[in-house]
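Peer 1: Following this message is one structure expressed as structure tokens.
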Amino acid sequence: MKHHPEIDRYAGLSSPIHNWDPRAKLIAILVLIVAIVLIPDLKIALIGLAIALALVFISRIPFSFMLKHLIGVTMFIFPLFVIISLTPSGGIERASLIAVKALAAVILIFPMIGTMKFETTIKALERLKIPSKLVQMIMFTYRYIFVFAGEVERMFTSIASRGFRKRTSLYTLSTIGKLIAMLFVRSYDRSERVFNAMVSRGYEGNLKTLVDFEMHTSDVLKATILIAIAVALDVVCLTGV
């Protein structure tokens, strides 16, 4: 079975980003992401990309880990870059601007989420008054997406052992359709079992974790500095300094 990557694989490291209060970290880096996305100038966008890479360096998350997971994003960005650069209203500079901003935004996810345990991220979102239902949807999606991926692998392994081979034929489409239908049935059954198990353990619709937070002056200072940098990037573009 394939190994499924964990977003919090390096959450146990020690760095100024890891030691940052999760609530302040989420707010500050999200503001930076929005600021970079709104940048209309390629040179300033490159500065934003450099800041994103600097935060990854400070977080001590290996660049090899980041680059490995950027492959999928690059496969999406590159065709977009080519298409935009060939359109009359686009051009290479505009395509480069979009590509750089997209890369910077994705790279910032690593120091934002990869420096704390997933349950800590979930609790921080709840403390920031994000709707509980949305937070729980994120939690269950992350928890069970790998379970269902494993289920799909086992189903394909099972039919492959019985001689099934993927071909461009109606039989192949019919077989895959039946597998998808079976996956939905199994998913529904599993969701009922999980829900009943949670209710039997005291679930009342709210998240309960042992994670607790304490905001320090250093956390506020880090957030203030990063938000100031984010605002400065857009102000420079607006004023043309």
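Peer 1: Check cross-link reach from residue 178 to the lysines: straight Cα distance under 29 Å, and skip same-chain residues fewer than eight apart.
Peer 2: 2, 166
Peer 1: Of the cross-linked pairs 25/129; 25/123; 101/123; 25/222; 43/101, which ones have a Cα-Cα span greater than 19 Å in the structure shown?
Peer 2: On the way: 25/129 15 Å; 25/123 13 Å; 101/123 29 Å; 25/222 8 Å; 43/101 11 Å.
In this structure, 101/123 lie more than 19 Å apart at Cα.
Peer 1: Using only DSSP helix segments of four residues or longer, with each worth -39500 (n - 2.57), what per-residue ellipticity at 222 nm results for the chain after dividing by its residue count and rounding to 500? Spell out each step's value before the answer.
Peer 2: On the way: 8 runs with 173 residues, N = 241.
Calculated at 222 nm, the ellipticity per residue is -25000 deg cm²/dmol.
Peer 1: Quick check: with the 1.4 Å probe, what order do 66, 215 take by accessible area, largest first? Can you show the working numbers first?
Peer 2: Values: 66 5, 215 85 Å².
Descending accessible area places them as 215, 66.
Peer 1: Here's another thing I want to ask about it. Could you put 189, 212, 8 in order of accessible surface area, largest first, with the 1.4 Å probe and the full protein assembly present? Could you put the intermediate results ahead of the total?
Peer 2: Values: 189 65, 212 115, 8 20 Å².
Descending order: 212, 189, 8.
Peer 1: Taking springs between alpha-carbon atoms closer than 10 angstrom, which of 150, 177, 114 fluctuates most in the Gaussian network model of the chain?
Peer 2: The residue with the greatest mean-square fluctuation here is 177.
Peer 1: Would you mind telling me which residue in 131, 111, 22 has the biggest mean-square fluctuation in a Gaussian network model of the chain, where springs connect alpha carbons within a distance under 10 angstrom?
Peer 2: Highest fluctuation among the options: 131.
Peer 1: Whole percent per 5 Å bin, from 0 to the bin with the longest distance: what is P(r) over all C-alpha pairs of segment 35-137?
Peer 2: Calculated P(r), rounded to whole percents: 2, 12, 17, 17, 18, 15, 10, 6, 3, 0.
Peer 1: Still on this structure, please answer the following. Applying 1/(1 + (r/R0)^6) with R0 = 41 Å to the Cβ-Cβ distance of residue 176 and residue 212, what FRET efficiency is obtained, to the nearest 0.05?
Peer 2: So the FRET efficiency works out to roughly 0.30.
Peer 1: How many percent of all Cα-Cα pairs in the chain sit more than 27 Å apart? The partial results should precede the final answer.
Peer 2: Values: 15128 of 28920 pairs.
Here the long-distance tail beyond 27 Å is 52 percent of all Cα pairs in the chain.
Peer 1: Rounded if a/c is under 1.5, else prolate if a/b is larger than b/c, else oblate: which is segment 98-241, with a ≥ b ≥ c the root eigenvalues of its Cα gyration tensor?
Peer 2: Values: a/c = 3.51, a/b = 1.59, b/c = 2.21.
Note, shape of segment 98-241 comes out oblate.
Peer 1: Considering only protein heavy atoms, what is the solvent-accessible area of residue 46 at a probe of 1.4 Å, reported in Å² to the nearest 10?
Peer 2: Near enough 80 Å² of accessible area.
Peer 1: To continue, here is another question. Just 84, 39, 109 to compare: in a GNM of the chain, with alpha carbon springs under 10 Å, which one fluctuates most?
Peer 2: Between 84, 39, 109, it is 84 that shows the largest mean-square fluctuation.
Peer 1: If you average the C-alpha positions of segment 75-112 and of segment 25-73 separately, how far apart do those two centres end up, in angstrom?
Peer 2: A separation of 13 Å, based on Cα centres.
Peer 1: Same structure, new question: Can you tell me the length gained on complete extension of the stretch residue 146 to residue 13, counting 0.36 nm per residue apart and subtracting the Cα distance? Working shown, then result.
Peer 2: On the way: separation 133, 0.36 × 133 = 47.88 nm, distance 2.40 nm.
Fully extending the segment from residue 146 to residue 13 adds 45.5 nm.
Peer 1: Using only the alpha carbons of segment 1-74, what is the convex hull's orientation-averaged projected area in square nanometres?
Peer 2: Working: hull surface 24.6 nm².
Taking a quarter of the hull surface, the average projection is 6.2 nm².
Peer 1: Let me ask something additional. How high is the relative contact order of segment 1-151, in percent, with contacts defined as C-alpha pairs under 8 Å that are six or more residues apart?
Peer 2: Values: 136 pairs, mean separation 57.0, N = 151.
RCO, segment 1-151: 38 percent.
Peer 1: May I ask you to list, by number, the DSSP H helices of the chain whose Cα span along the axis is at least 18 Å and whose average Kyte-Doolittle hydropathy reaches 0.0 or more? List each step's numbers first, then the result.
Peer 2: On the way: long enough: 22-37 (22 Å, 2.34); 42-59 (26 Å, 2.56); 63-86 (32 Å, 2.00); 92-113 (32 Å, 1.90); 132-160 (41 Å, 0.72); 170-200 (45 Å, 0.46); 217-239 (32 Å, 1.80).
Correct list, ordered by number: 22-37, 42-59, 63-86, 92-113, 132-160, 170-200, 217-239.
Peer 1: Shifting gears a bit: Top to bottom by accessible area (1.4 Å), largest first, where do 195, 110, 184, 146 land?
Peer 2: On the way: 195 110, 110 30, 184 145, 146 65 Å².
Greatest to least solvent exposure: 184, 195, 146, 110.
Peer 1: Report Rg/Rh for segment 144-217, rounded to two decimals, where Rg is the Cα radius of gyration and Rh the Kirkwood radius. Each step should come with its number before you reach the end.
Peer 2: On the way: Rg = 19.6 Å, Rh = 15.7 Å.
Checking Rg against Rh, the ratio lands at 1.25.
The values are calculated or read from the model by the stated rules, or taken from the named source; none is laboratory data. Given the structure is predicted, the values throughout are model-derived calculations rather than measurements. No Cβ is skipped: glycine too gets one built from the backbone with ideal geometry, and neighbour counts run over all protein chains shown. Surface areas here come from the heavy atoms of the whole protein model, side chains and all, with no ligands, DNA or RNA. Shrake-Rupley method; radii C 1.70, N 1.55, O 1.52, S 1.80 Å.
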